[in-house]
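Asks: Below is the structure I would like to discuss, written out as structure tokens.
The values are calculated or read from the model by the stated rules, or taken from the named source; none is laboratory data. Keep in mind it's a predicted model, so treat the numbers as computed, not measured. Here the Cβ positions follow ideal geometry from the backbone for every residue, glycine too, while neighbour counts run over all protein chains shown.
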Amino acid sequence: MSIKIIAKVSEDEFKSAQNLLRTLKKSPNNIEINSVRYGSLGEDRLISFDLDEKNLKIVIENLITNGLKILSPEQFAKKKETRVIINNQSNINDIEKLDVTRNSTGKENPSALLDLAIKNGDYEIVVQFSKDIRSGLDILNKARGNVDIAIQTAINRAYNKGIRSTFDTNNSLEQLLKIASDKNLKVLNKQELQKKAGLKALELCGPNYEQSNKLIQICNNNLLPYFVCLKAAAKLCEILENNQEIVQEEILYATKHLNVRWINIALDIMGPEMHETEFQSVTRLINLVQQIQS
């Protein structure tokens, strides 16, 4: 039996949601996702598709875990296992509680919104509260005191999702790199937390040559902390050296796409803080690419 699923997602997370559906379709579970359609609802995007009922549980679980909002979840009310998934999501329960607060006051309760954002790791909302003097001094101070906690929670959630399931790895990588390259966080002097996010992203990049393309993108990203770019370069070098059967093909790709000039700049600035073996790995990678280029 086929069931129509309709989910809502923000514009910023729309591409990640599309990638999630592609990943689910390619999973070993033979998930059938058909008739995919896209639309808009205000500032958000809508995604609808037909799903085989036997895969309802795993798909709903992945959608919710990755931040998509299932519209009209009452359509699953008779399906106990699906309701259990929805009800067990901490953020769903919190949103239900928040809805009660909104209904009782007739408007959004800033304090409840802030508490929910801190708990869920929605650091961007917490940062907004930390700058908004209209919310009152108590909320302003609370927000400012919890920005780091919200960022760390966002890092932990993204990383934990990535290591729990291969379905979530790419999405988690994007979330972590988004934190690591966030210009607003840099302005707030949150570079150490951004470095942590970048390093966690690198942990999700496995030791196999399939990850070389992602590592090259990280190496070239001048919005990321220098240290993260260099760690990515060192890891890329190890992958190339440990996979000799594909090394020529991958080196040619790296030669074409790796921004050696940027890596050299990062090495000049942060090289002294690197472990000697990693410093040597980055140096070997640069020399290897430059030799081929010449």
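Asks: Taking the options Leu224, Leu185, name whichever one is closer than 24 Å to Phe14 by Cβ and assigned to a loop (DSSP other than H, G, I, E, B). Explain how you work it out, then say what you get.
Replies: Numbers: Leu185 fails: assigned to a loop (DSSP other than H, G, I, E, B).
Step by step, each of Leu224, Leu185 is checked, and only Leu224 is closer than 24 Å to Phe14 by Cβ and assigned to a loop (DSSP other than H, G, I, E, B).
Asks: May I ask you to list the residues in region 270-286 that are part of a helix (DSSP H, G or I) and exposed (fewer than 12 other Cβ atoms within 10 Å of the Cβ)?
Replies: Taking region 270-286 as the starting set, the residues that turn out to be part of a helix (DSSP H, G or I) are 270-273, 276-286.
Matches in region 270-286: Pro272, Glu273, Glu276, Thr277.
Asks: Spot the failing condition for Leu20; the list is (1) in contact (Cβ under 8 Å) with a residue 40 or more places away in the chain; (2) over 26 Å from Leu176 (Cα atoms), and only one is missed.
Replies: (2)
Asks: Does Val260 satisfy being at pLDDT 80 or above, assigned by TED's automatic domain parsing to the domain that holds Val228, among the hydrophobic types (A, V, I, L, M, F, W, C) and under 19 Å from Gln211 (Cβ atoms)? So that I can check it myself, show each step before the final result.
Replies: Details: at pLDDT 80 or above: yes; assigned by TED's automatic domain parsing to the domain that holds Val228: yes; among the hydrophobic types (A, V, I, L, M, F, W, C): yes; under 19 Å from Gln211 (Cβ atoms): no.
Criteria not met by Val260.
Asks: Is it fair to say Leu173 is in a helix (DSSP H, G or I) and either of a type in the set (Val, Ile, Thr) or buried (at least 17 other Cβ atoms within 10 Å of the Cβ) (or both)?
Replies: Numbers: in a helix (DSSP H, G or I): yes; either of a type in the set (Val, Ile, Thr) or buried (at least 17 other Cβ atoms within 10 Å of the Cβ) (or both): yes.
Considered against the rule, which asks whether it is in a helix (DSSP H, G or I) and either of a type in the set (Val, Ile, Thr) or buried (at least 17 other Cβ atoms within 10 Å of the Cβ) (or both), Leu173 comes out as yes.
Asks: Further question on the same structure: Residues that are more than 21 Å from Asn170 (Cβ to Cβ) and modelled with pLDDT under 75: list the helices (runs of 4 or more DSSP H) wholly contained in region 1-103 that include at least 2 such residues.
Replies: Numbers: elements: 14-25, 56-65, 80-88.
Here the list reads 80-88.
Each row is one residue, and each column tells you yes or no for (1) closer than 16 Å to Leu193 by Cα; (2) in a helix (DSSP H, G or I); (3) acidic (Asp, Glu).
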site	(1), (2), (3)
Leu114	no, yes, no
Glu124	yes, yes, yes
Lys142	no, yes, no
Ile149	yes, yes, no
Arg157	yes, yes, no
Asn160	no, yes, no
